[in-house]
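Presented below is the structure to which this report refers.
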Amino acid sequence: MTTIRQFTIHGENQGAGSAIFRREMQDAFAVGLSVQGNQEHPFSTQVKGYSGERLRFAALRFSPHTTCSPRAIGLRSRLLVSLHREGVALVHQEGRETRIEPDDLFIIDPSRPFFIEAGNVLAHSLYIEHSALRAIMPEIELHTARQVRTTYGAGAVLRHTIDQLLAQADRLSDLEADRLADALPFLIAASLAGTSPDTRPPPSRLRALHKQRIMGYVKDNLRNHEIDAAHIAAAINLSTRYIYELFEDENVPLMKWIWQTRLERCRADLASAAMRSRSIGEIAFYWGFNDITHFSRAFRQRYGVSPRAFRKTALPQAAAH
């Protein structure tokens with residue numbers, strides 16, 4: 001049965017808009033995506049597409065946003081094959097980072113960690129069964145997050161096909177839709193035939209981006225005493241091993257940096273006259289320490305004085321100012 005699906009998100013708060021988008025995309029197109037606007041540009045989108053039994057595609061207009069895998073990595077999801085018609089995006093997956101411009105196409109596997117940064121864009125997207133494309137291209141994961149030109153050759157044929165799918169969406173019979181669903185993986189494979197898989201190691205900018213995301217998450221969740229590398233990895237859709245690798249070249253390992261930052265926040269509160277009424281234990285627990293004895297030992301090791309002695313010295317000085 002032919003199904004035309006469309007929805008608009010505008011004016012929702014950040015969390016509600018993201019949740020609506022994720023749910024609608026999963027229900028209509030069987031694709032797992034988690035999207036977020038930014039402080040300057042709250043997220044908005046207009047989506048219109050075809051959601052048949054086997055054939056699924058859509059036109060999507062977005063405000064500036066980021067897109068990544070949903071938190072439940074491994075969630076069954078179709079592959080995203082996206083043709084950019086307007087705007088610029090940076091796509092990241094499997095250690096690759098690629099700039100996508102109008103008339104470029106890229107593929108993302110939403111069941112694996114990925115990240116997309118985009119401004120105002122218009123995208124025409126196909127949602128392809130993973131098994132259908134893998135049957136033709138077993139090495140498909142080597143082609144994700146790579147630029148595919150669509151101005152010539154098989155890429156141009158694919159671009160015109162995607163545009164015509166959108167133009168003819170309300171005229172397709174169920175049989176026609178099924179036959180097109182059979183043909184599209186072969187056309188996508190033909191478009192990728194002229195490109196060589198890129199197996200270079202992750203570029204430094206991508207590593208810096210991941211570090212920035214990690215540090216931002218840690219700062220926002222510093223008070224959570226359960227936070228560790230595995231917790232961070234699950235939250236931002238990276239592997240625990242990769243997180244450790246990202247910080248191998250730092251002078252201070254990630255978990256030690258978290259520990260030091262918590263101590264610094266505690267030290268600042270102990271020296272604050274505004275925090276005079278809060279006990280040392282309350283301050284320690286607030287900043288993620290769940291063992292006061294361990295906190296006192298760590299504080300003395302870091303600053304050469306006990307928390308109580310430090311506060312006794314620091315508070316009169318704070319009051320004087």
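Every listed requirement among (1) at pLDDT below 95; (2) surrounded by 12 or more Cβ atoms within 10 Å (Cβ to Cβ) is met by LEU158 save one, (1). The one condition from (1) out of contact with any helix residue (DSSP H, G or I) (no Cβ under 6 Å at 6 or more places or on another chain); (2) open to solvent by 30 Å² or more (accessible area, probe 1.4 Å); (3) more than 23 Å from ALA169 (Cα to Cα) that ARG134 does not meet is (1). Looking at LEU122, LEU142, LEU126, can you tell me which residue is crowded, with 21+ Cβ neighbours inside 10 Å and closer than 21 Å to THR98 by Cβ? Only one candidate qualifies: LEU126.
Cβ separations smaller than 6 Å between residues 6+ apart or across chains give the following pairs from segment 204-229 residues that are open to solvent by 50 Å² or more (accessible area, probe 1.4 Å) to residues that are polar (S, T, N, Q) and at pLDDT 85 or above: HIS225/ASN290. Just one residue in the set ILE108, ILE140, ILE128, ILE136 is within 22 Å of the chain's Cα centre (by Cα), of a type in the set (Val, Ile, Thr) and farther than 27 Å from THR8 by Cβ; that residue is ILE140.
Where helices (runs of 4 or more DSSP H) sit wholly within segment 106-200, those with at least 2 residues that are among the acidic types (Asp, Glu) and in contact (Cβ under 8 Å) with a residue 60 or more places away in the chain occupy 174-192. Would you be able to say whether some residue in segment 195-211 is modelled with pLDDT under 90 and among the acidic types (Asp, Glu)? Yes; the residues of segment 195-211 include at least one that is modelled with pLDDT under 90 and among the acidic types (Asp, Glu). For beta carbons closer than 6 Å, sequence separation of 6+ or different chains, a first residue in segment 242-269 that is under 23 Å from ARG297 (Cα atoms) and a second that is modelled with pLDDT of 90 or more and open to solvent by 80 Å² or more (accessible area, probe 1.4 Å), the qualifying pairs are LEU263/ARG302.
The criterion of at least 1 residues that are β-branched (Val, Ile, Thr) and crowded, with 17+ Cβ neighbours inside 10 Å is met by the following helices (runs of 4 or more DSSP H) wholly inside segment 234-321: 240-246, 254-270, 280-286.
The values are calculated or read from the model by the stated rules, or taken from the named source; none is laboratory data. Computed from a predicted model, the values in this text were never measured in an experiment. Here the Cβ is made from the backbone with ideal geometry for all residues, glycine too, and neighbour counts use every protein chain on show. Side chains included, ligands, DNA and RNA excluded: accessible areas come from the protein's heavy atoms. Shrake-Rupley method; radii C 1.70, N 1.55, O 1.52, S 1.80 Å.
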